[in-house]
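Enquirer: Take this structure first; my questions come after.
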Amino acid sequence: MLKPTTTTTTLPLPHRPRPRPAPLSIARTHHRHGLTPPPTLLQAAPSFLTTGSVAASPLDHDEAYIVTVRIGTPPQLVPPDFDSNSADLWVAGPAVGAASEQRFYDPAKTASAVATEERWNITYAGRSEAGGRVWRDVVDVGGVRATQAVEVADREAAWFETQDEYSRFVGLGLGGVVCGRRRRLGTYDFGYVDAAKYVGDITYTAANNSRGWWDIVATSYAVGEASGFVSRPLFGVVNTGSSLLYLPRDIVNTYYAGVASAVYNETIGRVWLFGCNETLPISTLGIEDTHVTIPSEYLNYWPNGDGTCWGRIQAEPGLGYSIYGNVLLKAAFVVFDTVGPRMGGGGGERISRW
C-alpha cells in the first residue's frame, strides 16, 4: 500500500505448497462476508481431515520399508519407500519406468492429474540424481487423502533403474529440503512502486472506502479469447484473503456453458466442477479502459478426487457484490494507494495492463 513515508520495504510471498481445500476456502469466504455456508459444503470439508494406517513391507536385510500408495483417479498403485531424510514425493514416470519391470505412475492415465509449469531436480549425497515435471494429483496413503505435488521422474541415475522393488520415495522430511519448488514468488512492496516489476504505465481506478474495504467497479468482462467484451458495471471488493474470483451467477453460468465437462453441483454446495483434464477458457475483466486477463492454468483450483476439479471462478453467494480474490491479483501488478484512495496496476507480457 502507498502512503507518504520515508521508509520502504519489500516482503516476499512464499509459495504455500498445499493450498486450503476448496470446500474450506469457499466456506471461509461465506463466514468472512457474514453468510452461513450451505450445510453440504461444511459436510464436504471434514473428508479432507482424516487419519489412517498403511502396512510397511521390509526388503531384504531391512534395507527399506515399502508401502502401497494410491495416486490418481482411478488410483494407480505404486510402491515407494518412506524416506525421512527428504521431503519430496517423487515416483518413476513412463519415460523411465516402462524400461524396467517396476511399477510407475502415468499422469496421462488419471483423470485428476493437473500439469504444472514446474520442474524438479534432486541430488542425493551419493551423487544419484533424478528430475522431471511436477504434477498435482490425489494421493492416498492408508485412507488419508491429499491433493498435492507429485514429482514424476522422466530421467534418473542408472542406479535407480536397478531398484525394481520400489517406485522411489515418499519424503517425510521437513519442507525446507523440498526440491520441487515454484520458480516465481510474489512480493508485497510498501511505500514505493517498483518499476522493474511491471510493463508500461500504471492505470488507476477509484476505490470506494466507505466500508473500509478496497471496493472497485469493473466495467466489462469477456469469456475466452474469441469472445467480445460485454459492458456491465461489476461492483466488487478486492480481497487478498480469498483464493477465488466470485462473480454474478449469470456470468459464471455463461463461463461454464463453454466448458463441456462442467457440472453445477448442488450436493456439495452450489459450486461448479469440471473434468480435470479439460482446459478452461481464459477470463478477462475490463477495468477503466484496460483489461486484466486470467490465464487458463490459474483457473483450475482443486481436484475433487473423482476426476473432477473445482474451478476458481464461482458464483458470488448472495452478497450482491463480486469478490476479486488472489486468482485475479496474481495475474497483474497491483497497487493499493491510500491517497485517493485508488487502485492501479501494470502487467507483463502475458497479461494486459490494469
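Enquirer: Residues being of a type in the set (Gly, Ala, Ser) and buried (at least 19 other Cβ atoms within 10 Å of the Cβ): count how many of those fall in segment 282-304.
Expert: Qualifying residue count, segment 282-304: 2.
Enquirer: As an exercise: evaluate Phe274 against (1) part of a loop (DSSP other than H, G, I, E, B); (2) on the phi < 0 side of the Ramachandran plot and give the number of the one condition it does not meet.
Expert: Of everything listed in (1) part of a loop (DSSP other than H, G, I, E, B); (2) on the phi < 0 side of the Ramachandran plot, Phe274 misses just condition (1).
Each row is one residue, and each column tells you yes or no for (1) among the aromatic types (Phe, Trp, Tyr); (2) surrounded by 12 or more Cβ atoms within 10 Å (Cβ to Cβ); (3) closer than 18 Å to Ser25 by Cβ.
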position: Ala196; (1), (2), (3): no, no, no
position: Ile202; (1), (2), (3): no, yes, no
position: Ala222; (1), (2), (3): no, yes, no
position: Ser231; (1), (2), (3): no, no, no
position: Val237; (1), (2), (3): no, yes, yes
position: Ala257; (1), (2), (3): no, no, no
position: Ser261; (1), (2), (3): no, yes, no
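Enquirer: Filter segment 221-242 for residues that are assigned to a loop (DSSP other than H, G, I, E, B) and within 13 Å of Arg32 (Cα to Cα); which is modelled with the highest pLDDT? If you could, list the steps in order and put the result at the bottom.
Expert: Taking segment 221-242 as the starting set, the residues that turn out to be assigned to a loop (DSSP other than H, G, I, E, B) are 224-229, 239-242.
After this cut, where a residue has to be within 13 Å of Arg32 (Cα to Cα) as well, the list is 239-242.
Numbers: Asn239: 86, Thr240: 82, Gly241: 77, Ser242: 82.
Within segment 221-242, the match that is modelled with the highest pLDDT is Asn239.
Enquirer: Considering only segment 203-217, I want to know if a residue exists there that is in contact with a Gly (Cβ under 6 Å, 6 or more places away or on another chain), in contact (Cβ under 8 Å) with a residue 40 or more places away in the chain and not in a strand (DSSP E or B).
Expert: no
Enquirer: Would you mention how many residues in segment 302-354 are aliphatic (A, V, I, L, M) and either modelled with pLDDT under 80 or in the same structural domain as Arg145 (by TED's automatic domain parsing) (or both)?
Expert: Residues in segment 302-354 being aliphatic (A, V, I, L, M) and either modelled with pLDDT under 80 or in the same structural domain as Arg145 (by TED's automatic domain parsing) (or both): 1 in total.
Enquirer: Shifting gears a bit: Any residue in segment 254-271 that's part of a loop (DSSP other than H, G, I, E, B): show its pairings with residues that are of a type in the set (D, E, K, R) at Cβ separation under 6 Å, as long as the two are six or more apart or on different chains.
Expert: If the second residue must be of a type in the set (D, E, K, R), the pairs left are Ser261/Glu278.
The values are calculated or read from the model by the stated rules, or taken from the named source; none is laboratory data. Predicted, not measured: the structure shown is a model, and the values here were computed from it. Cβ coordinates were reconstructed from backbone atoms using ideal geometry, including for glycine residues, and neighbour counts include every protein chain displayed.
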